[in-house]
Amino acid sequence: MAVVNLFYISLLLPPLFLLFLLFLIIRPRPVQIPIKKRHVFITGGSSGIGLALAHQAASEGAHVSILSRSIDKLEEAKNAIKLSAGIDVAIFAADVRDFEAVQRAVDEAGPIDVLIVNQGVFVAQELEEQKLDEVRFIIDVNLMGSFNMIKAALPGMKRSRKDRGPGSIALMSSQAGQVGIYGYTAYSASKFGLRGLAEALQQEVIGDNIHVSLVFPPDTETPGLVEENKRKPQLTSIIAASSGAMKADQVAKKALDGIKSGSFIIPCNFEGILLSIATAGLSPQRSYLMAFVEVVAAGILRIAGLCFQWNWYGSIEKWHVQKN
């Protein structure tokens, strides 16, 4: 019996030691980001995920500001939130590509506690067919617009941070910001860029008690998705068919829960969790339990990822054979 007990103890020791080691070395440390009675500023807040985030934050007692280009859509969003949550939100019309316009909106809105950089445009098309003006538009809105928004908001976010508690900057990426897919060259480039921005930014602002999150939603049922699907290449639809769509309010809840827990990586569904583990790389991780899963599952998920690549490239080869 003693031999059997020693055998089981010897099996348990390596994972327990790994858990203890990860507990000691994970950085940044866990944090909670309160939402109630705090200023939450959301870009792209007049529709889709942004509007769902505004509803969710308002219902949790946050002071919400939303920004987008269309004043008419902003007014509609404001009325909808007032009707459902009984709370007034502040609205700001600006194009995130215009730094001066963004700066004016931020100055008028006042110091921000939680900044959710959610704006985004997406047109799926092969690079050879897509016009460079459209590529620039996608990158300017999705990536440069995020730089503009953060640069405008950061000085006010840092000010009096000790008195106001922890702050948060959340960037809305995409599962196409974790893995490249046929027809997503411009979009994936803009969303992959957000990861580099987020990882470096977290190191720059952690000393100011500001915590960065990166949200990776799948296809989400929004008015924009309907338009996107009209132009999506056939092969893109074939490859992406295995990934199901989520509702905007589901993504908003996952995103806001992740922001409140200070998570750096925020997946939105089971597939997203697997992608996040498979692509963890050198990203910060606040949870030693999740770090343990990443370490243990990395090899297995690499094999799974290679199987997906085998399937995707098989579909591409078959499609070209049929086309020719």
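The values are calculated or read from the model by the stated rules, or taken from the named source; none is laboratory data. These figures come from a predicted structure and were not determined experimentally. Every residue, glycine among them, receives a Cβ derived from its backbone with ideal geometry; neighbour counts consider all protein chains shown. When the accessible area is computed, the model is the full protein with side chains, heavy atoms only, and any ligands, DNA or RNA have been set aside. Shrake-Rupley method; radii C 1.70, N 1.55, O 1.52, S 1.80 Å.
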Amide H within-cut-off set for ARG69, under 5 Å, with H built and near neighbours excluded: ALA94
Simple Cβ-charge dipole of the chain, Lys/Arg +1 and Asp/Glu -1, about Cα centre, in debye nearest 20: 780
Using all C-alpha to C-alpha distances in the chain, build P(r) with 10 Å bins and read off the rounded percent in each one. 6, 25, 32, 22, 11, 4, 1, 0
Heavy-atom accessible area of the chain with neighbours in place, 1.4 angstrom probe: carbon+sulfur share in percent works out to 61
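Out of the trypsin sites (Lys or Arg not before Pro) in the stretch 152-240, which ones are loop residues according to DSSP with at most 14 other C-beta atoms within 10 Å?
Working: sites: LYS158, ARG159, ARG161, LYS162, ARG164, LYS191, ARG195, LYS230, ARG231; in loops: ARG159.
Of the trypsin sites (Lys or Arg not before Pro), the ones in loops of the stretch 152-240 whose Cβ has at most 14 other Cβ atoms within 10 Å are ARG159.
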Non-local residues with an amide H under 5 Å from the amide H of GLU221, with H modelled 1.01 Å from N and Pro and chain starts lacking one, are MET246, LYS247, ALA248
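In square angstrom, what is the accessible area per residue of the chain with a 1.4 angstrom probe? Can you show the working numbers first?
Details: 16640 Å² over 324 residues.
On a per-residue basis, the chain sits at 51 Å².
For MET246, MET290, MET144, MET149, write out the residues from largest to smallest accessible area, computed with a 1.4 angstrom probe and no ligands counted.
Values: MET246 20, MET290 60, MET144 85, MET149 0 Å².
Ranked from most to least accessible, the order is MET144, MET290, MET246, MET149.
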Kindly report, to the nearest 10 Å², the accessible surface of ILE206 as traced by a 1.4 Å probe over protein heavy atoms only. 60
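Would you tally the net charge around GLY156, using a Cβ to Cβ cut-off of less than 15 Å, leaving GLY156 out, and scoring K and R as +1, D and E as -1? Please report the intermediate quantities before stating the final value.
Numbers: positive: ARG38, ARG104, LYS151, LYS158, ARG159, ARG161, LYS162, ARG164; negative: ASP107, GLU108, ASP113, ASP163, ASP208.
Once all neighbours under 15 Å are counted, the net charge is +3.
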Quick one: net charge of PRO34's neighbours, Cβ under 9 Å, K/R +1, D/E -1? +3
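On full extension of the chain, what length is gained from ASP140 through SER160, given 0.36 nm per residue of separation minus the C-alpha to C-alpha distance? If you can, show how the numbers build up before the last one.
Working: separation 20, 0.36 × 20 = 7.20 nm, distance 3.13 nm.
Full extension from ASP140 to SER160 adds 4.1 nm.
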Pairs LYS191/LYS247; LYS73/LYS162; LYS36/LYS230; LYS82/LYS230: which are spaced more than 31 Å apart, C-alpha to C-alpha? LYS73/LYS162; LYS36/LYS230; LYS82/LYS230
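So, R0 is 25 Å and r is the distance between the beta-carbons of PHE20 and ALA304; what FRET efficiency does that work out to, to 0.05? Present the calculation step by step, with values, prior to reporting the outcome.
On the way: r = 28 Å, r/R0 = 1.13.
Once rounded, the FRET efficiency stands at 0.30.
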